[in-house]
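Report on the following structure.
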Amino acid sequence: MKNPHRGTGILLAWLTGLFRIRPEYQLSSRIFIKALALIYLFAFASLLPQVAGLVGPDGILPFSIYLDNAWRELGYSALLQVPSVFWLSASDWALEAAALAGVLLSLLLLWGRWPLFALIMLFVLYLSLYRAGQHFMNFQWDTLLLEAGLLGVFLHLGPTALVLFLYHWLLFRLRFMSGLFKFISGDPSWASFTSLDYYFETQPLPHAGAWYAHLLPEWLHHFGVGFTYFTELVVPLFIFLPRPLRLAAVAITLLMQGLILTTSNHNFFNLLTIALCILLLDDKAIRRLLGRKEAAGSSVPPPDPGMAHRLLLGTLALLLLFASISGFLGLASGRSMPLESLRRQVQNFGVGAVYHVFPTMQTERQELMVEGSNDGRHWQEYVFRYKPQHLDERPAFIVPHQPRLDWMMWFVPTQHSEQMFWFGQFLWKLKQGSPQVLSLLGENPFPKGPPEYLRVTAWKYRFTTPAERRETGNWWTREYLGIFPQVPPRRP
């Protein structure tokens, strides 16, 4: 006769095992925390000179107005719907102080001082800036950093089986979902394996490596699409398989991220993906990579977590799994899932996100030039810092920095309403001569005061051929399309 308590005992043993420390991941956990500190440092340092111009009181999308509107509409529940320290103040000083504090706390974590305090505060401050950033920080790498940072609080307390699984689940979601949405998007370039014929030229902020990659033969571009599918649809499954396949997943993912870095400016995104791979390596693999001398002196593993730790981590795990699975199923099916409000509330904290990197591919590059004039006849261009503009300017390598205004300019040619709204606000601030907004640009052609007139012209940009570059020295060539938005919107 079967023992009725046997099943319960097995379940309890499994649940207990989730909260046990995995001592073979102590070294990799410490290295990952250092890598996380560096990426936090890059993210906060990148935001520091930009945040006032983007969302300060005289910026493009003042966060103070957003908070006022949220309070009027939601009352006290707005504090939960929009979690942010900037409810106290959303002034330029407060925004910049938060970014500067993030830089200092990142250095503190890198130095190994007060790590638990630093990890908690880094998450709180980056979440606050993420919510303040609105359209300018609505990117998948920002939510990736937030979830990695929140899990880092528990990882620092000890590499339990559950927190390691949640990190593996995060990396799996990022890679597998990105591949799946490419596959099911119906985008003709992904379906025909031609997306890399366009990607290097049409990505948001290419660097010079993209010009060379664009010249590679078509067969190699098509092979690259197949390799992308393999690394995003097949390799992520290795994460949950035995050690040899897990190590293979690390090697293949690192290769893919290295190739992306040689051709694209994606701020800290690829660096964070590489960092997440560290937690697929046990200490034996780390020691082999670093050598015994560097890896010697492993510390005694911390004790298994107490009840409060287990309760918090278990609750977080349930919420992350629910939000990420529900969000994925909803996006893939186009239908609303049960407990939609709970999913949204979890994702309000920047965690449990769905990832879908480049599910569609642009086939032409449309660039917008903002011009001013005092007489309506002679026009001068405002110069952006990094987006393609001057034809002879070498596309710059700017990893791990993300110039948020330059990046967002890539979306405006779609003429979607949300893009047109912030872009209209940007033009209005230029007309007012906002110093904070002008500081986001590389050059202001009207230093004595804003011009009488503004206009926006649309241009089709493409990379030069080797012959054209030898003849002209230019990296780009362009064709005039018309006055924006009186031109066809870019699709997709």
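The values are calculated or read from the model by the stated rules, or taken from the named source; none is laboratory data. These numbers come from a predicted model, not from an experiment. Cβ coordinates were reconstructed from backbone atoms using ideal geometry, including for glycine residues, and neighbour counts include every protein chain displayed.
Enumerate the helices (runs of 4 or more DSSP H) found wholly within region 43-118, keeping only those where 1 or more residues are surrounded by fewer than 13 Cβ atoms within 10 Å (Cβ to Cβ) and touching a residue at least 60 places away in the same chain (Cβ under 8 Å).
Because the criterion is at least 1 residues that are surrounded by fewer than 13 Cβ atoms within 10 Å (Cβ to Cβ) and touching a residue at least 60 places away in the same chain (Cβ under 8 Å), the helices (runs of 4 or more DSSP H) in region 43-118 that meet it are 78-81.
Out of VAL163, VAL124, VAL153, report the one residue that is more than 30 Å from LEU61 (Cα to Cα) and surrounded by fewer than 22 Cβ atoms within 10 Å (Cβ to Cβ).
Exactly one residue qualifies, and that residue is VAL153.
What number of residues within region 364-375 satisfy the criterion of being more than 24 Å from GLY442 (Cβ to Cβ) and within 23 Å of the chain's Cα centre (by Cα)?
0
I'd like the full set of residues that are more than 20 Å from VAL85 (Cα to Cα) and buried (at least 21 other Cβ atoms within 10 Å of the Cβ), limited to region 128-147.
Those that are more than 20 Å from VAL85 (Cα to Cα) and buried (at least 21 other Cβ atoms within 10 Å of the Cβ): TRP141, LEU144.
Please specify each residue of region 186-208 satisfying the condition of being surrounded by fewer than 17 Cβ atoms within 10 Å (Cβ to Cβ) and in contact with a helix residue (DSSP H, G or I) (Cβ under 9 Å, 6 or more places away or on another chain).
Here is the first cut: in region 186-208, the ones surrounded by fewer than 17 Cβ atoms within 10 Å (Cβ to Cβ) are 186, 188, 191-192, 208.
Result: ALA191, SER192.
Tell me the helices (runs of 4 or more DSSP H) entirely within region 383-491 that contain at least 1 residues that are among the β-branched types (Val, Ile, Thr), surrounded by 15 or more Cβ atoms within 10 Å (Cβ to Cβ) and not assigned by TED's automatic domain parsing to the domain that holds LEU48. Before the answer, list the steps.
Values: elements: 404-409, 417-432, 435-438, 466-472.
Those helices (runs of 4 or more DSSP H) span 435-438.
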